[in-house]
Amino acid sequence: MAEQNVITSMLDDLFKEQPIQTALCIGQNLEQYDNNQSIQWHHFSVTEFLNLPFTQRYDVGFVLLDSQELLAISNIQKSQLLVKLRDLMAKRIVVVSQLQDEKLLRSLGFTQLIDKTLHDRDFALWQFNILTYKHVPDWFNSKFWANPENWNKFRW
């Protein structure tokens, strides 16, 4: 189970980056960890979430893959849950997982926040933020593309 201080500090850090009004959690109800009491929380089980129609996009989604409820689900269900959350339901996602889920989370584009070599426990913290998912490469600018000002000056 995720420790209270990790969840509380993560909420505080996310709130400093951008205000959070709505949050979704799967695996455990995290409403008690909200110090500000200003977030509207929605808690779902795995089956409720997978059958949930898209009605709104939440500011933050928390998935506790190390909770008792989510330890029993298959990797396919984990993947479906994370993809639906990433693509439709949440702007930012925080996942608390076990070390065995590293391959799945990396393949879905999540970045690791807590290095697994810094502690002895079977615990890892991951995030997905669409704004920081892919950095724009150097070559992707007008300098390397067709420049109309050079069309009659140089011969290619």
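Within segment 136-152, is there a residue that is modelled with pLDDT under 75, touching a strand residue (DSSP E or B) at 6+ places or on another chain (Cβ under 9 Å) and in a helix (DSSP H, G or I)?
no
Any residue in segment 20-34 that is surrounded by fewer than 23 Cβ atoms within 10 Å (Cβ to Cβ) sitting within a Cβ distance under 9 Å of a residue that is modelled with pLDDT under 80 and among the hydroxyl-bearing types (Ser, Thr, Tyr)? List the pairs, counting only those 6 or more apart or interchain.
The qualifying pairs are Ile20/Ser38; Gln21/Ser38; Gln28/Ser67; Tyr33/Thr8; Asp34/Thr8.
Is it the case that some residue within segment 54-61 is out of contact with any strand residue (DSSP E or B) (no Cβ under 9 Å at 6 or more places or on another chain), within 15 Å of Val95 (Cα to Cα) and either aromatic (Phe, Trp, Tyr) or at pLDDT below 80 (or both)? Steps first, answer last, please.
Let us first name the residues in segment 54-61 that are out of contact with any strand residue (DSSP E or B) (no Cβ under 9 Å at 6 or more places or on another chain), namely 54-55.
Subsequent filtering for residues that are within 15 Å of Val95 (Cα to Cα) retains none.
Taking every residue of segment 54-61 in turn, none turns out to be out of contact with any strand residue (DSSP E or B) (no Cβ under 9 Å at 6 or more places or on another chain), within 15 Å of Val95 (Cα to Cα) and either aromatic (Phe, Trp, Tyr) or at pLDDT below 80 (or both).
Among the listed residues Arg86, Arg106, identify the single one that is closer than 19 Å to Gln18 by Cα, among the basic types (Lys, Arg) and modelled with pLDDT of 90 or more.
Just a single option satisfies the conditions, and that option is Arg86.
With segment 31-87 as the region, which helices (runs of 4 or more DSSP H) entirely inside it contain at least 1 residues that are out of contact with any Cys (no Cβ under 8 Å at 6 or more places or on another chain) and aromatic (Phe, Trp, Tyr)? Explain how you work it out, then say what you get.
Numbers: elements: 46-50, 68-71, 75-84.
It comes to 46-50.
The values are calculated or read from the model by the stated rules, or taken from the named source; none is laboratory data. All of these numbers come straight from a predicted model, not from anything done at the bench. Using ideal geometry, Cβ is built from the backbone for each residue, glycine included, and neighbour counts are taken over all protein chains shown.
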